[in-house]
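Everything on this sheet refers to the single structure shown next.
Derivation of every value follows stated rules applied to the coordinates shown; laboratory data play no part. Just so it is clear, the model here is predicted, and its values are computed rather than measured. Neighbour counts are summed over all protein chains in view; Cβ atoms, including those assigned to glycine, are modelled from backbone coordinates with ideal geometry.
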Amino acid sequence: AAKAQGRNRFNFFTPSMQEYAHFRMHLIQDLRLALERQEFSLFFQPIVELKSGDIHKAEVLLRWQHETRGYVSPADFIPVAEETGLILEIGAWVLEQAARQSKEWQQKHERIVQLSINKSPIQFRDEGEYFSRWMSLLKELQLGPGGICVEITEGLLLDAATGVSDKLLAYRDAGIQVALDDFGTGYSSLAYLKKFDIDYLKIDQSFIRNLVDDSSDHSLCEAIIVMAHKLGMKVIAEGVESEDQRELLRAMGCDYAQGYLFSRPMSAAEFEQEFLLDAKANA
Ligand code: C2E
Ligand code: MG
Ligand code: MG
Ligand code: MG
């Protein structure tokens with residue numbers, strides 16, 4: 001019976017599933033080598049203050065350029081990095097690079113560009129030594145308060161056993177701000193918003209996409225903004241692509257926006273050219 005079952009199971013394993021398993025195996029192998037091959041880089045996307053149009057924040061987005069696969073999307077490799085635990089090493093690299101980049105821009109352009117870094121729940125839970133090493137680096141670099149923001153997702157806050165509050169307190173002591181990413185898409189309990197010290201809510205792009213035509217998205221965004229402000233948080237709208245969306249969000253009192261309307265994510269050199277050198281020249 002066991003044999004028959006095994007055969008049946010094997011029958012369920014269609015060629016396309018086999019291909020997928022094969023593809024995945026190679027992806028994992030390549031991902032393991034990506035750090036030493038220096039295939040990762042950081043991209044930066046400006047976060048615009050809606051009232052003034054000023055840019056003093058940017059989100060850090062990881063990019064993987066593989067020699068034969070070409071550009072691999074984080075949406076494809078981050079989940080694999082999480083499943084295999086590779087996210088710990090990769091994530092630590094991102095944290096370090098971002099801290100150094102922030103310092104470099106501070107020194108070179110005499111202004112703070114707050115860099116906002118994505119941290120996956122697994123990283124938060126299991127990063128161990130990497131955490132204290134990063135905190136030491138930040139201390140050494142003396143980035144000053146507000147130099148770094150960490151983006152986490154809602155689900156993490158529901159998991160009481162992960163030492164999340166201790167870590168968030170350590171962040172606050174170190175002058176690191178915290179944003180709730182993709183807000184509205186996770187397992188939500190509004191109770192955590194008062195329990196934890198969160199600086200920013202990032203409204204997920206799925207609520208922004210039809211903002212102008214869909215009255216329920218409109219109401220939701222409006223309610224999120226009012227609530228966030230009452231609780232002392234600022235709001236960042238993600239995925240803003242049109243002038244109409246920008247205008248509506250600004251009228252609603254949304255604090256910041258990020259999206260293709262303003263800029264795509266770009267390399268450090270491009271970001272510097274576009275937003276740091278020009279800004280200085282214009283000032
Ligand atoms: P996220 O943190 O929500 O990042 C926003 C995503 O929206 C980015 O995709 C960005 O390129 C994209 N985006 C920005 N503006 C627009 C717009 O106007 N329209 C549309 N349609 N999309 C826009 P990206 O760079 O592909 O990253 C995808 C996700 O991968 C991120 O979502 C984040 O969850 C994850 N990720 C990226 N870098 C890292 C990292 O260093 N560590 C971890 N743990 N996750 C990362
Ligand atoms: Mg993010
Ligand atoms: Mg997001
Ligand atoms: Mg997202």
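A few points about this structure:
- Distance from region 174-236 to region 86-104 (C-alpha centre basis), Å: 26 Å
- Under the simplified labelling scheme, the ALA174-ILE28 pair shows an inter-label distance of 3.0 nm, with each label point 7 Å from Cα along Cα→Cβ.
- Amide H partners (placed H, <5 Å) of HIS66, local residues excluded: TYR71, VAL72
- Ignoring lysines fewer than eight residues from LYS119 along the same chain, the ones with Cα atoms less than 24 angstrom from its Cα are LYS57, LYS103, LYS139, LYS167, LYS194, LYS195, LYS202, LYS234.
- Extension gain from ASP197 to LEU158, taking 0.36 nm per residue of separation minus the Cα-Cα distance: 12.6 nm
- Distant-in-sequence amide contacts of VAL150, defined by a placed amide H-H separation under 5 Å and a gap of 5 or more residues or a different chain, comprise ILE117, GLN177, VAL178, ALA179.
- Just so you know, the Cα atoms of the chain work out to an Rg and Dmax of 20.7, 78 Å.
- Think of region 162-261 as a dipole: +1 on every Lys or Arg Cβ, -1 on every Asp or Glu Cβ, centred on the Cα centre; then among ALA170, GLY232, VAL212, ALA170 lies furthest on the positive end.
- Spacing of the two label points (7 Å from each Cα toward its C-beta) at GLU104 and THR14, in nm: 4.7 nm
- Karplus (6.51, -1.76, 1.60) ³J(HN,Hα), θ = phi - 60°, over region 70-84, in Hz, Gly and Pro reported as x: x, 6, 9, 6, x, 4, 8, 9, 4, x, 5, 4, 6, 4, 8
- Extension gain, THR84 to ASP213: 0.36 nm times the residue separation minus the Cα-Cα distance gives 42.3 nm.
- Sorted by Cβ neighbour density within 10 Å, fewest at the top, the residues ASP166, ASP181, ASP204, ASP76: ASP166, ASP76, ASP204, ASP181
- Computed with the Debye formula from one identical point scatterer per Cα of region 179-283, without solvent, the log10 of I(q)/I(0) at q = 0.23 Å⁻¹ comes to -1.19.
- Convex hull of alpha carbon positions in region 79-139: directionally averaged projected area 4.3 nm².
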